[in-house]
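Visitor: Sharing a structure here in C-alpha cells format.
A short reminder: the numbers here are calculations on the coordinates, not readings from a lab. Computed from a predicted structure; not experimentally measured. Using ideal geometry, Cβ is built from the backbone for each residue, glycine included, and neighbour counts are taken over all protein chains shown.
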Amino acid sequence: ENNLNVGNGDADVAIKKKEIPIVQGFGEPLKPEEAEPKDGHAGEKDKPPVLVKPSFVFDSDSPIYKKGDSNQEGEAGKAVKVDKDKLSPEEKKKYDQGFTNNAFNQYASDLISIHRSLPSNVDEECKSEKYQSDLPDTSVIVCFHNEAWSVLLRTVHSVIERTPDSLLKEVILVDDFSDMEHTKKPLDDYMSQFPKVRVLRMEKREGLIRARLRGAAIAKGSVLTYLDSHCECMEGWIEPLLDRIKRDPTTVVCPVIDVIDDNTFEYHYSKAYFTNVGGFDWSLQFNWHAIPERDRKNRKRAIDPVRSPTMAGGLFSIDRAYFEKLGTYDPGFDIWGGENLELSFKIWMCGGTLEIVPCSHVGHIFRKRSPYKWRTGVNVLKKNSVRLAEVWLDEYKEYYYERINNQIGDFGDVSLRKKLRENLQCKSFKWYLDNIFPELFVPGESIAKGEVRNLGQGGKCLDAQIQRRQKTKSLSLYPCHGQGGNQYWMLSKDGEIRRDESCVDYAGQDVMIFGCHGMKGNQEWKYDHQTGRLLHSVTNKCLEMSKDGAKLLMHVCDSSNKYQQWRFKEYNEE
Ligand code: LR7
Ligand code: MN
C-alpha cells in the first residue's frame, strides 16, 4: 500500500504528492498550455492507432524500434490520442491494464518510437551558447522498479543518442527487484547490444535511494547523472550541466524538467522564461515556485543558471567525488522520498551550490499516483522525513513534527548521519533559511497555530485538504481529529490564517482557500484571543459555524454568540 499520509495514516490528513511542476508564483499553478500558445497539432486524433505486440515481446519489426518518420505517432513530442471507444475489447483491456500497471498510458507509449524526436521550439538563446571543451564525462544512473518496456527503452535511447560519446562513460540501469517479465532476460538481451549499458540487479526490494547508492558504487564517470526511468533527454541536455560542474565541482545541477503528459505522451517544452526553482513546506514536501525577486534582479538572461533552495530529486548531475564527500544519501531511507531534501539541504549547508540550468531539458512523465507497492505497516515517507529532520533541521524540526501531530515513530539510528554533518562542519538550518530560502514562512513567526476549534455546540475544526493544482477551494468544517494535517493552521503577524502558501480568503461569497498574496485585503483576519472572535477586517464580519455544524458563515459580529468563538490550539502571548 501507498503510504503518502501525514500523521498516523488517517485518511483525513492525507496529502497529495503529485503536481504539475510548472508553477508561476507561490501556489499559482500555470498549466503548460497557458505558458505559451501551442503550435497547433490538433486534428490528428482520428488516426487509427497502429497496433503493436504486447510490449515485452521484442519484435524488431515493430515500428516502435525504428527511427520514426515525421508522421509516426508522437514524433516531435506530439500528443498521441487513442480513442478508447474505437478499440476492440481485447485492445481495450490492454489499454486499461497499461494504466493500472503504470499510472500512465502505456498503450500510447507502445505506439511511439523509442527513438522519437522532441519539439524543436527550444529557446533560441540556448542554441548559440558555447560550452567548455574537455568537459568531464558522466555515468548516467537510472533506477527502476517495474518500469514499462517502451518507456524504459525510450529513456535509455534518449541518453545514448543525445549524449556525445566522449561525455557518456556508461549507462547504469539499476533494477530494484522488479517482477515484470520484460525487466529480466528480455532487458538483458536488448541491452547487450550497447557496450556502454550495464544492468545491475538488487537482490531484494531496496527502494530508490539504496538502488541509487548501488549504482554510484560501481560508477566510473567523473560525474554522476541520475534520471528517473520514464524520462526523455533533449538534444544538448548534458553539456550545460557538465559545464557548470567543470567550473566548480561543488555545484550540483538540475535540468529543467519538462512535462511528458501521462495520458498522451505529449512533450511540453518549458521556455527559459518560465523556469521555476524548488522549495519545500513544513510537511517536508517539495514544491516549485517562481524565481525570487532577489535572484531575478541579478540575472542578465533568462537562460542563466539559477540558484535553487531544493531539487525535485530525480534528475541531476553531481561530481562523483563531491557526492562522496557529502556522504551521498542516508542509506536508512527506504523506497521513496526525503532524499531530495536531504541532498539539497546538505549541499547548501555544507558549502556547495544547487542550480537549475535553463538550457538543459529533460522530460519526465508526471503521474497522479504511485503505481507500485510501498511497504505495509510503515509510513515510509514519514520515517524518511523524520530521519531527515533529526539530522538537518535543528530546532526547526519541531515545525514538521507539529504537522504530524508529534507522532514521529521509530526512525532508527541516525548517529552516523549526525556525525557526518559534524565532520563536514556544515552550517545551521537557520543559516540555510536566512540565506538560501528566506521566502519560506516559518511557523515560529506566527501568533497562534494548530487546530482552530469552534466553541459552539458540537464544535468542529477548520479543515481543508489543499492540493496545489487546485487554484481555489472552500474552507470547511470537520470533527476535530487532533492529528494536525488538514486541520493545522497558523495565524501570521499580518493576520493571515495560513498553511504553507495557502491562505483563508473571504471575498463576499464562501470562505475560501487561496494562494497567500501578502497584501492583507481579503486575507486579513483579526483574532481576539480573549473573546475568540475571528473578524474579517475588510468586511467587518465574523467567522461563524452554522448551528448544525455543517458550514461556515460570515455574519455581523455578536460577542454573545458561541458559534462565533474559535480557539487556536496554541497561542503565543506577545
Ligand atoms: O522502490 C522503488 N524503487 C525504485 O527504483 C520506488 C521507485 N523506484 C524508481 C522508479 O522506478 C522511478 O524511476 O524511482 C524513481 C522515482 O519514482 P517515481 O517516478 O515513482 O516517483 P516521482 O517521479 O514522484 O519521484 C520524485 O521524488 C522521488 C522522491 O524519492 C525521487 O526523488 C524521484 O527521483 C523524483 N522524481 C523527480 O524528481 C522527477 C520530477 C518530479 C517532480 C517534481
Ligand atoms: Mn518519476
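Visitor: In percent, how large is the relative contact order of region 480-574, given Cα pairs closer than 8 Å and 6 or more residues apart?
Guide: It rounds to 17 percent for region 480-574.
Visitor: Just check region 301-440 against the gyration tensor rule for me: Cα atoms, a ≥ b ≥ c as the square roots of the eigenvalues, rounded for a/c under 1.5, and otherwise prolate or oblate depending on whether a/b exceeds b/c.
Guide: Because a/c hits 1.5 or more and a/b fails to exceed b/c, region 301-440 counts as oblate.
Visitor: Say R0 is 60 Å: what FRET efficiency, to the nearest 0.05, do Leu416 and Arg299 get from their beta-carbon distance?
Guide: 0.95
Visitor: Cα gyration tensor of region 168-228, axes a ≥ b ≥ c as square roots of the eigenvalues: rounded (a/c below 1.5), prolate (a/b > b/c) or oblate?
Guide: Note, shape of region 168-228 comes out oblate.
Visitor: So for each of 285-293, 312-320 I average, over its residues, the number of other beta carbons within 10 Å; can you give me the resulting order with the highest mean first?
Guide: For the peptides 285-293, 312-320, the packing ranking is 312-320, 285-293.
Visitor: Kirkwood hydrodynamic radius, computed over distinct alpha-carbon pairs, for the chain: how many Å, to one decimal?
Guide: 25.3 Å
Visitor: Measuring from label point to label point, each 7 Å out along Cα→Cβ, what is the Lys127 to Asp61 span in nm?
Guide: 4.1 nm
Visitor: Considering only DSSP states other than H, G, I, E and B, which trypsin sites (Lys or Arg not before Pro) in region 199-256 qualify as loop sites with at most 16 other Cβ atoms within 10 Å?
Guide: Counting only loop positions with at most 16 other Cβ atoms within 10 Å, the trypsin sites (Lys or Arg not before Pro) in region 199-256 are Lys204, Lys220.
Visitor: Only sites in a loop by DSSP and with at most 10 other Cβ atoms within 10 Å count here; which trypsin sites (Lys or Arg not before Pro) in region 446-507 make the cut?
Guide: Lys493
Visitor: For Lys94, list the lysines whose Cα falls under 18 Å from its own Cα; do not include residues on the same chain fewer than 8 positions away.
Guide: Lys53, Lys81, Lys84, Lys86
Visitor: Okay, moving on. Under a crude label model (7 Å from the Cα following the beta-carbon direction), how far is Lys204 from Glu445 in nanometres?
Guide: Taking the two extended label points, one gets 4.6 nm.
Visitor: Mind scanning Lys373/Lys551; Lys127/Lys196; Lys325/Lys373 and naming the pairs with a C-alpha gap bigger than 30 Å?
Guide: Lys373/Lys551; Lys325/Lys373
Visitor: Counting pairs of alpha carbon atoms under 8 Å apart in space and at least six apart in sequence, what relative contact order in percent does region 400-501 give?
Guide: Relative contact order for region 400-501 comes out at 30 percent.
Visitor: What net charge do the residues around Thr183 carry, taking every other residue with its C-beta under 11 Å from that of Thr183, with Lys and Arg at +1 and Asp and Glu at -1?
Guide: Here the charged neighbours net out to -3.
Visitor: Exposure proxy check: Ile303, Ile245, Ile466 ranked by fewest other beta carbons within 10 Å?
Guide: Ile466, Ile303, Ile245
Visitor: Name the cysteines of the chain that stand alone by the Cβ rule: no other cysteine Cβ under 4.7 angstrom.
Guide: Cysteines lacking a close Cβ partner in the chain: Cys143, Cys231, Cys233, Cys254.
Visitor: Using alpha-carbon positions, what is the distance between the centroids of region 399-444 and region 232-284, in Å?
Guide: What the calculation gives is 26 Å, centre to centre.
Visitor: Could the peptides 353-366, 553-566, 79-92 be put in order, highest first, of the mean number of other beta-carbon atoms found within 10 Å of their residues?
Guide: Ranked from most to least packed, the peptides come out as 353-366, 553-566, 79-92.
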